Amino acid sequence: MIITQISLFVFSIILYCLSYKYYASEKYDFSLASILIGGILLRLLMMNDPFLHTWDERYHFLVAKNLLNNPIEPKLYAKALLDYDYRSWASNHIWLHKPPFALWTIALSFKIWGISEFAGRLPSLFFSISCVYLTHQIAFSLFKDRKIAIIAAFLHSINGLILEIGAGRISTDHIDTTFFFLLEYSIYLSLCHSRQNKYSLLIIIGILTGIAVLTKWYIGLFIIPMFFLSNIAKERVWKPIVQTLLIAIISIPFFYTWQNYIMSHFPQEAIWEKSYNFRHLFESIEGHGQPWWYHLDKARIIWNELIYIIFGWFMVQWVRKPFEKSYYLLSFWVIIPYTIFSMCTTKMQGYLLFTAPPLFMMIAVFMVYNMERFLLHKYLKYLPIIIILLSIRYSIERVKPFQNHASLLAEKTQILNYKQSIADPKTVIFNAKNYIEIMFYTDFIAYPQLPTASEMEQIKKQGYAIALIKGDNFPAYILNDAYIKILP
């Protein structure tokens with residue numbers, strides 16, 4: 001496996017070097033193609049991780065697997081054999097912790113390619129690399145400069161946080177990657193509509209807005225003001241207002257139908273999740289409370305240490321050209337989300353992933369517009385190189401191309417061995433640290449805790465056998481039960 005990782009990494013480097021060569025010789029189509037293929041290889045490298053990631057991929061994949069049985073009943077535990085707390089998203093039965101669309105895409109991939117980590121990550125591969133292309137298209141649409149578009153696409157292609165989230169390695173994973181695509185695609189279509197004025201595009205954007213809410217709750221409505229800003233003009237004010245309202249109306253049935261369904265079929269879970277999401281605004285949820293400057297501080301690590309200078313320069317350009325669409329659209333795309341999420345008490349780095357494209361474009365504009373000035377200066381001539389090197393450094397740190405997965409493979413092998421050692425498919429496994437992974441890789445039901453005597457009786461009455469992962473200090477009612485199988 002390490003050979004595969006190194007090979008993918010080396011070939012991606014070769015392709016990025018080719019992209020620069022084509023860029024320097026103004027063969028921009030070839031440069032973009034090299035960036036896209038290199039980006040695919042980097043994403044394949046990270047998708048090749050042989051085990052489910054802890055937060056939050058394993059939960060999303062298990063729910064997606066269970067959706068294959070019933071696509072409108074999201075379940076963490078396929079069967080609720082024991083009593084459970086519906087408020088605990090890590091151990092409940094009906095699972096409404098995330099909206100369903102991203103989970104449906106994962107379930108569809110399982111249906112086509114089979115249930116595996118790689119199949120579950122394939123939709124994110126498509127969405128993530130498509131976003132690289134969309135960043136290029138939006139940048140060119142706004143600035144009519146292929147150099148800016150190519151640099152923005154390159155920065156997007158190698159960004160470490162985007163790669164990590166798209167591979168499911170860190171929290172918010174495939175949900176945010178799916179939402180990222182829906183939002184960026186909608187903005188691209190909004191810019192297309194500003195030139196073509198096709199009502200078919202309004203319908204598509206309205207549908208995408210509804211699906212975005214079905215992916216990331218109401219932050220998906222951010223598409224609506226972005227459409228308005230993409231289409232507003234001095235000579236036609238009322239027309240984009242009417243079109244924006246039409247998009248909002250078209251989007252409503254898509255998410256309202258789901259909201260109405262879960263409220264009628266799973267009311268306690270739906271009400272709890274609605275209140276739980278609202279609490280993120282004012283409470284520190286699950287230890288993710290951070291000071292108001294958290295996202296601003298993280299920007300230097302996620303994007304680039306020089307992002308503050310570049311953003312300040314871009315704001316100056318906006319003041320000079322306040323009615324230039326490229327400036328006010330990108331500024332709104334960054335400032336509003338950063339302001340809103342900085343005001344929320346609960347903060348996570350992935351929440352602002354969708355502000356990546358405008359920031360990459362700002363960096364690209366800064367580099368291209370000032371290139372001649374940089375080259376004439378004694379020290380500033382090194383600034384573009386420093387910007388690129390800083391971006392590459394954080395990419396390599398997060399990609400971890402030489403990471404050894406031996407321990408993960410051993411853990412997965414142990415779980416797969418349970419299939420061989422347990423003859424009865426109707427078995428419940430207790431004392432399982434990796435209870436989510438066991439339910440994903442096998443058809444057994446698993447719990448992390450030891451069962452009580454009454455729970456054991458409850459399980460047996462439902463026709464299930466009991467197995468326990470080996471541990472210390474088992475109580476007497478377990479040790480004295482000859483029907484319990486002890487697993488290594």
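The values are calculated or read from the model by the stated rules, or taken from the named source; none is laboratory data. Just so it is clear, the model here is predicted, and its values are computed rather than measured. No Cβ is skipped: glycine too gets one built from the backbone with ideal geometry, and neighbour counts run over all protein chains shown. Note: accessible area is taken over every heavy atom of the protein model, side chains too, but ligands, DNA and RNA are not part of it. Shrake-Rupley method; radii C 1.70, N 1.55, O 1.52, S 1.80 Å.
Key figures
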{"item": "Segment 183-292: projected area of the alpha-carbon convex hull, averaged over directions, in nm²", "result": "8.8 nm²"}
{"item": "Counting DSSP beta bridges with both ends in the chain, the antiparallel % (nearest 5)", "result": "25 percent"}
{"item": "Heavy-atom accessible area per residue - segment 306-384, 1.4 Å, Å²", "result": "46 Å²"}
{"item": "Per residue accessible area of segment 100-149, 1.4 Å probe, in Å²", "result": "37 Å²"}
{"item": "Cα-based shape type of segment 227-346, given that a ≥ b ≥ c are square roots of the gyration tensor eigenvalues and the cut on a/c is 1.5", "result": "oblate"}
{"item": "Dipole of segment 360-488, positive end: most advanced residue of 440, 422, 403 [Cβ charges, Cα centre]", "result": "403"}
{"item": "Extent along principal axes [Cα atoms of segment 1-49; Å; largest to smallest]", "result": "37, 14, 8"}
{"item": "Of 290, 478, 463, farthest towards positive along the dipole that unit charges on Lys, Arg, Asp, Glu beta carbons give the chain", "result": "290"}
{"item": "Charged-residue dipole, Cβ positions (Lys, Arg, Asp, Glu), segment 292-439 about Cα centre, Debye nearest 20", "result": "240 debye"}
{"item": "Total charge dipole magnitude, segment 163-275, about the Cα centre, Cβ charges on Lys, Arg, Asp, Glu only, Debye to nearest 20", "result": "560 debye"}
{"item": "Apportionment of accessible area to carbon and sulfur, the chain, percent (1.4 Å)", "result": "65 percent"}
{"item": "Hull-based mean projected area of the chain, where the convex hull spans the alpha carbons, in square nanometres", "result": "25.8 nm²"}
{"item": "Among 377-383, 138-144, the order from most to least packed when residues are scored by Cβ within 10 Å on average", "result": "138-144, 377-383"}
{"item": "Computed [θ] at 222 nm, deg cm²/dmol, the chain (DSSP H ≥ 4; -39,500 (n - 2.57); rounded to nearest 500)", "result": "-21500 deg cm²/dmol"}
{"item": "Highest to lowest packing among 117-125, 423-431, scored as the average C-beta count within 10 Å", "result": "117-125, 423-431"}
{"item": "Members of 21/321; 79/298; 79/216; 98/144 lying beyond 32 Å, as alpha-carbon distances in this model show", "result": "21/321; 79/298; 98/144"}
{"item": "Dipole of the chain [Lys/Arg +1, Asp/Glu -1 at C-beta], most positive-end residue of 40, 252, 16", "result": "16"}
{"item": "Residues whose placed amide H lies under 5 Å from that of residue 468, excluding near-sequence neighbours", "result": "430, 485, 486, 487"}
{"item": "On Cα atoms only, tilt of 173-196 relative to the major axis of the chain in degrees", "result": "30 degrees"}
